[in-house]
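Single-structure report; data block below.
The numbers here are math on the coordinates, done by the rules we state, and not lab data. Because the structure is a prediction, the values reported are computed rather than measured. Backbone-built Cβ (ideal geometry, glycine too); neighbour counts: all protein chains shown.
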Amino acid sequence: MNEPTLWRTELWHPLTLHFPIALLLFATVAKMVAVVLKGEQEVFWQKVGSLLLFVGGATVWLAVYTGDMAEGIVARKICDPTILKRHESASLTMAWLFTTAVALQLLLAFRLVKVYQKTIRLLTLLLMLVGSGYLIYAGHLGAQVVYEQGGGVNVPPSDCAGY
């Protein structure tokens, strides 16, 4: 009989990665909306984007951690481990881009920078846009690992014994 699903650590990764995906993409959209607005609406969307960025920036590292846990198991099952390595590389690049954006946003939030605030906001948005591109690419590669390579998928025996 198979071990309980809860103990299959390769399954913890898909449980933790969907939060940062949604949060970071919505943070990027909110920051883009703020760029085209003025006054109170701009401030509101900047705050929404910042909040989503902070929470997404924290949870992205949980997804990276669970991905590292899954790698040792999944790498033994798949036919082309280079896809898994590209997925890991793109994910780490994305995580660092958003972490840098979080750091810049914290400089603004705590008013540690008095000058170049608009430049820092623009740089933050650019990092988030590039990070979103890497996020989409890493997600595409992750889907290839799971759906084309069978990574993390438990294939039952042909007689379905144990179910």
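Which whole-number percent is the relative contact order of the chain (Cα, under 8 Å, 6+ apart)? Averaging sequence separation for qualifying contacts and normalising by length gives 27 percent for the chain. Seen against the Cα atoms of the chain and their longest principal axis, helix 39-74 is set at about 20 degrees.
Relative to the dominant Cα principal axis of the chain, helix 81-109 is inclined by about 30°.
Largest first and in whole Å, what are the equivalent-ellipsoid semi-axes of the chain based on the Cα gyration tensor, each being the root of 5 times an eigenvalue?
Working: eigenvalues 290, 42, 32 Å².
Taking √(5λ) for each Cα gyration eigenvalue gives 38, 14, 13 Å.
Spatially, segment 1-53 and segment 64-101 are offset by 18 Å when compared through their Cα centroids. By the count of neighbouring beta-carbon atoms within 10 Å, fewest first, L62, L104 end up ordered L62, L104.
Order by neighbour count: L51, L135, fewest other Cβ atoms within 10 Å first, most last. Working shown, then result.
Details: L51 14, L135 26.
By the 10 Å Cβ count, ascending: L51, L135.
Using the rule -39500 (n - 2.57) for each DSSP H run of four or more residues, divided by the residues of the chain, the 222 nm mean residue ellipticity is -26000 deg cm²/dmol. Between helix 117-143 and the chain there is an angle of about 10 degrees, using the helix long axis and the longest principal axis of the Cα atoms. Per-residue Cβ neighbour counts within 10 Å put Y137, Y163 in the sequence Y163, Y137, beginning with the fewest.
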